[in-house]
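As structure tokens, the structure follows; a few thoughts come after it.
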Amino acid sequence: MRFDVITLFPELFAPFLASGVTRRAFETGQVEVVLWNPRDFAEGNYRRVDDRPFGGGPGMVMMAEPLSACLDAALAARGGAAPVVLFSPAGESLRHAAVEGWAAGEGAVLVCGRYEGIDQRFIETRVTHQISLGDFVLSGGEIPAMALLDAVARLQPGVLGDQASHIEDSFNPALDGLLDCPHYTRPEQWRGQGVPDVLMSGHHAQIERWRREQRLLATQQSRPELVDAARASGRLTPADENALRKKL
Ligand code: 9WO
């Protein structure tokens, strides 16, 4: 799959693309990432990509034409139409189900805004999807773009060394939409705190039961609506219901 990223700060992506478990996916082109700078499509000696807002007010607005010319070049290089994603708090919240959709697709063009915003006429005529990471404002869309690329890349076959690792993720349907259980590693004692005995017992069935119980309780505690959703769709067993009752 291929993602074309339109950004005034392409240099932000270099360390991200060269680090961590996703590095191989990006370096082999399993997830191909091509960076485009709208400044390269801007006119005049100053290569202007922003201008003052009509109606007045603070800050600058990204001009439609350099973005549009840049998008045309990216789409042409891909060889045709593709989803055009803008990262904005006005978009739909990103959830794991949507990430799985993007991970199974052909990729997209990701548009990263800067300044106070983007000329609305570009958004209305060229953008097909708006994605939000949550109700907060950043100084640009680059970090949300990296978040999507990271989430998509780690779902590609062979990216996680331990293939079981993402089967056990929070929000994996196989985990019934519950949060993850707590994790522990060496040392066995850290600043006076031990590790739950069951994890040191070697009893795999008991460990799995404990982990399931921890997931249920952690989810009940911090995201009770996820427990309700799991119950409503028949993903809680009688043993699960017992574990939840026992700790109330
Ligand atoms: C900012 C904004 C604020 C309130 C309602 C809608 C909004 N849209 C944008 C927007 O598109 N801003 C551009 C991208 C230009 C300024 C920096 N940008 C941005 C994206 N800031 N914050 C985000 C963002 C994206 C996804 N999830 C959370 C925040």
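The values are calculated or read from the model by the stated rules, or taken from the named source; none is laboratory data. For clarity, every value in this text was computed on a predicted model and none was experimentally measured. Here the Cβ positions follow ideal geometry from the backbone for every residue, glycine too, while neighbour counts run over all protein chains shown. Remember, those area values only see protein heavy atoms, side chains included, never the ligands or the DNA or RNA. Shrake-Rupley method; radii C 1.70, N 1.55, O 1.52, S 1.80 Å.
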Going by what's in this entry, would ASP72 be described as touching a residue at least 12 places away in the same chain (Cβ under 8 Å) and over 18 Å from the mean Cα position of the chain (by Cα)? no
Taking GLY59 as the residue in question, decide whether it is more than 24 Å from the chain's Cα centre (by Cα), within 12 Å of the ligand (Cβ to nearest atom) and not in a strand (DSSP E or B). yes
Checking PRO83 against (1) within 11 Å of the ligand (Cβ to nearest atom); (2) without any contact (Cβ under 8 Å) to a residue 60 or more places away in the chain, only one condition comes out false. Which one? (1)
Residue in the range 111-131 that is least open to solvent (accessible area, probe 1.4 Å), counting only those that are away from the ligand (no atom under 11 Å from the Cβ) and under 17 Å from ARG78 (Cα atoms): ARG126
So, of the residues in the range 210-248 that are in contact with a helix residue (DSSP H, G or I) (Cβ under 6 Å, 6 or more places away or on another chain) and not in a helix (DSSP H, G or I), which turns out to be least open to solvent (accessible area, probe 1.4 Å)? LEU236
